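To start, the structure itself, in structure tokens.
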Amino acid sequence: MIAEIQEKPELTHSDAAGNQETVAIRVEDLIVGRTIQNPIHDANGVLLLAEGSVITSRFKDLLRERKQSHVELHGDDAATVSLNALAGNPLVDGTSQGIFSTELTEKLDRLIESGSMFVANTGPALRDSMVVHGCKGYDQKHREHLFEQQKKFGESLDGMMRGALSGTTPSGSQITSMAASYLTQLTADADSVISVATEAGKDETLSQHCLQMSLLGMAIGAELNLDETNVRNIGLCGLVHDWGMVKVQAKIGKWRRKLDPLERMEMQKHPIFSLEMLEDVAGIPSIVPVVCYQVHEQPNGLGYPRQRSQKMIHLFARILNVAHCYVSLTSSREDRPALMPYAAMEHMLRLTNEKMIDSSAMRALLNLLSLFPVGSFVTLTDGSAARVIRRNGENYTSPIVQIIQTADGKQADPLDPNCIIDLRQSELEIDQALPTPGKDEIELTSELFYGQV
């Protein structure tokens, strides 16, 4: 039934089905008794079921024994051996047909399937020009400027999103100017900028979500040794990728809650809504719509809107997907509270093992934030409380911290340089992670989070 496992080169979606796109279908959705016209392979190219075979209960049981929740089917077979093709049929769920297909998405799909989405540097890696501050505190005057800028950018971005929804053409030059400004700030002091974005993002508005995505995405891109142009383009994509959520909010209300199946389907349309809102924006690179279209795809093929897998997802989209995961997990929703930053990183490492997020982008995020992320709070082994202010290279568990409260509960002097400690060179260690003051964050103890992004 399932062919004996043997070593074969990894196949892409197109390779596995005669240069035709495949579709990820749940094992539970396979209809017993239906015949496939094309072979089924696993992710390693191993033949699972030959062409002309019939789907049987035994075949489904063998897939379950392999802990394989989905299989990749040729597009033609997917429509005949499951009801997946009827997901948008009004007879099934009351929605309109073709919800994820427009002339624009079909054009992007052809581009994606052409295999031409490679990324190359045309200049030196941006990382080489980034300032490393070591065991040094933040420039408070500069931070005040960053907070003002974050608020201003948030208001401007919110205005552009609302304007685009009502038919006003957004300013491409204004968006690119934001990305360029962030790029300059990141180069000067990435730790401080990320810390400010985390604090400013406590209001959890859509605009602040996009700003955090932009910053984290650019920082991850720099960590992956991309050049200035590529990093800036990631920032642009982060700023505009979720604009379609404004349209979703107008239809189903506040989206930070548990959605019913029809509402979730409506929410998953938002990448297409974003594309429609960006169509008339002049002055943004042609790669931006492609990336915005793919930000919510996952390497294991279980994302949306097209269930693409690793090699069919643009690098920038995989980077922003990791940024989205971190920002989402550390934000509260009506159906669940926010995770503590440390717990979010712990959870994301599990998601990496499940191929729900890209491993190289996750490794870059870990380098960037440390296991105890920049901006988070911890207690040390002497009983004092501290805030993580800087990463420390690959010393993920020994970041640079600033004491904010002594072991006896007294407030530390924020201007005392002795309160800034490089844990790599100290006898002190982190004892435990703490919730962010003023936020109802939780540890990674609830089943609510397992398997979620």
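Share of carbon and sulfur in the accessible area of the stretch 204-253 stands at 43%, probe radius 1.4 Å. Rolling a 1.4 Å probe across the protein heavy atoms gives the stretch 265-351 an accessible surface of 27 Å² per residue. Straight-line cross-link partners of K247 among the aspartates and glutamates, defined as a Cα under 14 Å from its Cα and at least 8 positions apart when in the same chain: D158, E263, E266, E276. For the stretch 260-382, the Stokes-Einstein estimate of translational diffusion at 37 °C and a viscosity of 0.692 mPa s comes to 207 µm²/s, using the Kirkwood hydrodynamic radius over alpha-carbon pairs. For L339, the residues 5 or more places off, or on other chains, whose built amide H falls under 5 Å of its own are T330, S331, I442. Put a plus charge on the Cβ of each Lys and Arg, a minus charge on the Cβ of each Asp and Glu, and nothing anywhere else: the dipole of the chain about its Cα centre is then about 440 debye. Couplings 3J(HN,Hα) for the stretch 209-221, derived from phi with the Karplus relation 6.51 cos²θ - 1.76 cosθ + 1.60 (θ = phi - 60°), are 4, 5, 5, 5, 4, 4, 5, 5, x, 5, 5, 5, x Hz, where x marks Gly and Pro. The calculated FRET efficiency for T102 paired with R350, based on their beta-carbon distance and R0 = 41 Å, is about 0.70. Of the accessible area of the stretch 296-453, computed with a 1.4 Å probe over protein heavy atoms only, carbon and sulfur atoms account for 45 percent. Listed peptides 36-44, 288-296, 371-379 appear in the order 288-296, 371-379, 36-44 once ranked by packing, highest mean of other Cβ atoms within 10 Å at the front.
Backbone phi angles across the stretch 345-357, fed through the Karplus curve with coefficients 6.51, -1.76 and 1.60 (θ = phi - 60°), yield HN-Hα couplings of 5, 4, 5, 5, 5, 5, 5, 5, 5, 8, 6, 7, 9 Hz in residue order; Gly and Pro are listed as x. Sorted on the mean count of surrounding Cβ atoms within 10 Å across their residues, most packed first, peptides 228-235, 412-419 read 228-235, 412-419.
Scalar couplings 3J(HN,Hα) for the stretch 113-120, obtained by applying the Karplus form with A = 6.51, B = -1.76, C = 1.60 to θ = phi - 60°, are 6, 6, x, 9, 8, 8, 10, 9 Hz; x denotes Gly and Pro.
Kirkwood analysis of the Cα pair distances in the chain returns a hydrodynamic radius of 23.5 Å. Collect residues whose amide H, placed 1.01 Å from N in the peptide plane, falls under 5 Å from the amide H of H70; neighbours closer than 5 in sequence don't count. Sorted by chain and number, the residues that satisfy this are V27.
Ignoring aspartates and glutamates fewer than eight residues from K136 along the same chain, the ones with Cα atoms less than 13 angstrom from its Cα are D189, D191, D416, D422. From the alpha carbon centroid of the stretch 263-309 to that of the stretch 353-368 is 21 Å. All Cα-Cα distances of the stretch 315-384, cut into 10 Å bins from zero to the largest, leave 20, 49, 24, 6, 0 percent in each bin in turn.
Set the Cα radius of gyration of the stretch 256-331 against 2.2 N^0.38 Å, with N its number of residues, and you get 1.15.
When the alpha-carbon atoms of the stretch 184-248 are used, the pair Rg, Dmax equals 12.0, 37 angstrom. If you average the C-alpha positions of the stretch 157-232 and of the stretch 395-442 separately, how far apart do those two centres end up, in angstrom? Taking the Cα centre of each part, the stretch 157-232 and the stretch 395-442 sit 28 Å apart.
Over the stretch 106-221, accessible surface divided per residue gives 47 Å², non-protein components excluded, 1.4 Å probe.
Using the average count of surrounding beta-carbon atoms within 10 Å as a protection proxy, the listed peptides 142-151, 238-247 rank, highest first, as 238-247, 142-151. Taking all Cα pairs closer than 8 Å and separated by 6 or more residues, the relative contact order of the stretch 308-429 comes to 16 percent. Taking K251 as the anchor, which lysines have their alpha carbon closer than 16 Å to its alpha carbon, excluding any fewer than eight residues away along the same chain? Filter leaves K269.
With contacts taken as Cα pairs under 8 Å and at least 6 residues apart, the chain reaches a relative contact order of 12 percent.
Under a 5 Å amide H cut-off, with hydrogens placed 1.01 Å from N, Q298 pairs with G303, Y304, R308 among residues at least 5 apart or on other chains.
The values are calculated or read from the model by the stated rules, or taken from the named source; none is laboratory data. Treat the numbers as computed from the prediction; the structure is a model and nothing was measured. Glycine gets a Cβ as well: all are built from the backbone with ideal geometry, and neighbour counts include every protein chain shown. Protein only, heavy atoms only, side chains kept; ligands, DNA and RNA dropped before computing areas. Shrake-Rupley method; radii C 1.70, N 1.55, O 1.52, S 1.80 Å.
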